[in-house]
Amino acid sequence: MRCPFCGEADSQVKDSRPTEDGSAIRRRRFCPACHQRFTTIERVQLRELTVVKADQRRVAFDRDKLARSVRIALRKRPVDDEQIERIVSGIVRQLEASGETDVKSHDIGELVMETLKTVDTVAYVRFASVYRDFREGKDFEAFLGHMGELPKPAKTGE
């Protein structure tokens, strides 16, 4: 693994341990050239996914982009980083397990919304407002009209 600080090609693994949910391995590394330490995360990748955009462009699936979107929706909500990581890993596993290598961006968005709906309704509305491109208050009003149909998420800390 190349050192992110000096670019040295060889680094040494000092410690390895699985993440809480067991979906990845966290490795603590040391660069013998510049003596810096850094962490890498290793995950199983079942297949290379390609995202097919609405305009039919094809781009490589970016797990980090998915994680950023979920984090933004959940910003300042009572959901910790570990739970966010489990949410993202679950979505990626569902995409990989579908058996398809080409995944429509629309399907990814719907899967994220479906997941957020059960985790945090505020995050669900936040994500939907961007994903569905709400432009006016009436867009929110129409969307929120369906909110009474949602299950209430489990309260934390009780």
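The values are calculated or read from the model by the stated rules, or taken from the named source; none is laboratory data. Treat the numbers as computed from the prediction; the structure is a model and nothing was measured. Cβ sites come from the backbone with ideal geometry, for glycine too, and all protein chains shown count toward neighbours.
A few points about this structure:
- The single condition among (1) over 27 Å from T121 (Cβ atoms); (2) exposed (fewer than 14 other Cβ atoms within 10 Å of the Cβ); (3) more than 17 Å from the chain's Cα centre (by Cα) that A54 does not satisfy is (1).
- Hey, E8 more than 25 Å from Y124 (Cα to Cα) and in contact with a Cys (Cβ under 8 Å, 6 or more places away or on another chain) or not: yes
Residue-wise test of (1) assigned by TED's automatic domain parsing to the domain that holds T101; (2) not polar (S, T, N, Q).
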{"position": "R17", "(1), (2)": "no, yes"}
{"position": "E20", "(1), (2)": "no, yes"}
{"position": "A33", "(1), (2)": "no, yes"}
{"position": "T40", "(1), (2)": "no, no"}
{"position": "V52", "(1), (2)": "yes, yes"}
{"position": "V59", "(1), (2)": "yes, yes"}
{"position": "A67", "(1), (2)": "yes, yes"}
{"position": "L74", "(1), (2)": "yes, yes"}
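- One residue from D139, D80 being in contact with a helix residue (DSSP H, G or I) (Cβ under 8 Å, 6 or more places away or on another chain) and without any contact (Cβ under 8 Å) to a residue 40 or more places away in the chain: D139
- Region 36-55 - residue that is under 26 Å from P4 (Cβ atoms) and part of a loop (DSSP other than H, G, I, E, B) and, of those, modelled with the lowest pLDDT: Q45
- Looking only at region 57-82, and only at residues there that are part of a loop (DSSP other than H, G, I, E, B) and aliphatic (A, V, I, L, M), the one that is surrounded by the most Cβ atoms within 10 Å (Cβ to Cβ): L74
- The set of residues in region 97-114 that are assigned to a helix (DSSP H, G or I), crowded, with 17+ Cβ neighbours inside 10 Å and touching a residue at least 40 places away in the same chain (Cβ under 8 Å) comprises I108, V112.
- Hey, A33 within 30 Å of C3 (Cα to Cα) and small (G, A, S) or not: yes
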